[in-house]
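The values are calculated or read from the model by the stated rules, or taken from the named source; none is laboratory data. The structure presented is a predicted model; accordingly, all values stated were derived computationally and were not measured. As a convention, Cβ positions derive from the backbone with ideal geometry for all residues, glycine included, and neighbour counts pool all protein chains shown. We work out accessible area using only protein heavy atoms, side chains counted, and drop any ligands, DNA or RNA first. Shrake-Rupley method; radii C 1.70, N 1.55, O 1.52, S 1.80 Å.
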Amino acid sequence: MRTRRTVVALFGALLLAAGALLLLQAVGAAVATGLFWGVLFLAAAAVFWLLFATDCESWWAAIPGGALLGLGLSALADEAGLPGAGTWGGSLFLGSLGIGFAAVYLRDHGRWWAIIPAGVMLTLALPAVGGASEAGARASGALFFVGLAVTFVLVAVLPGGPGRRRWAWIPAAALAVLAVLVAREATALMSVFTYLWPLALIAGGGFLLWRALGRRRTAEPVASSGDRATAAGEESGSR
């Protein structure tokens, strides 16, 4: 309770500071807006991370905490005039958001779903490889699919939740194949795979439905015969 009161008080102070900054901008005062907004975002991120660290039920606080951390770092990088700040600013935001989702999983392995957005955000945070050239674009695309494939491999092998998530190997394998095709610039094979991938999903879904419905049909006669045997036993006992 005391921690939540502290968090509410800190948020109130941050809102007052943000309002004062917006008022100064409205009246035309010369203020280093990038610096102030960067500091405010970092302070708000610290509040969320404090809530995440001190309250076990506030696992969600790591997500806005990561997002605000990325916004703060991006604003400071832009204010400092670092070369390529626009590109790196986006990478900082996406990477920090991915760290927030990763923290959710590390706090509670039962929330294994957080691995997927964490992997996607961290993959998108990787800077472009090779610039705008054709080879560079191909390398960036291959790296993107590799990151997604690794993400689903982690979903399959890391602990968390009831049961094993073997289904994650399917998208991992498909994304790995896409990475290889993009790296080799196999345009013809890519067009073929565009049709093979949805057909494979349809076949896999149909197989799972067939197995589920088949087991249900085979289980029902067994249950009914067991019920008849139980009823017969009760009737003979009453006699």
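For the reader, a short list of remarks on this structure follows.
- Selected residue [over 21 Å from LEU126 (Cα atoms), at pLDDT 85 or above and either hydrophobic (A, V, I, L, M, F, W, C) or part of a helix (DSSP H, G or I) (or both)] from ALA61, ALA103, ALA9: ALA61
- Flag: ALA114 does not match the condition of being in contact with an Asp or Glu (Cβ under 8 Å, 6 or more places away or on another chain), surrounded by 16 or more Cβ atoms within 10 Å (Cβ to Cβ) and part of a helix (DSSP H, G or I).
- Scanning the stretch 43-62 for residues that are closer than 23 Å to LEU16 by Cα and either among the basic types (Lys, Arg) or surrounded by fewer than 19 Cβ atoms within 10 Å (Cβ to Cβ) (or both) turns up ALA43, ALA46, LEU50.
- Residue check, LEU92 touching a helix residue (DSSP H, G or I) at 6+ places or on another chain (Cβ under 7 Å), part of a helix (DSSP H, G or I), modelled with pLDDT of 85 or more and within 14 Å of GLY34 (Cα to Cα): no
- Selection within the stretch 157-172 - open to solvent by 20 Å² or more (accessible area, probe 1.4 Å) and of a type outside the set (Val, Ile, Thr): LEU158, PRO159, GLY161, PRO162, GLY163, ARG164, ARG166, TRP167, TRP169, PRO171
- Residues of the stretch 117-130 that turn out to be open to solvent by less than 30 Å² (accessible area, probe 1.4 Å) and at pLDDT 90 or above, as a count: 3
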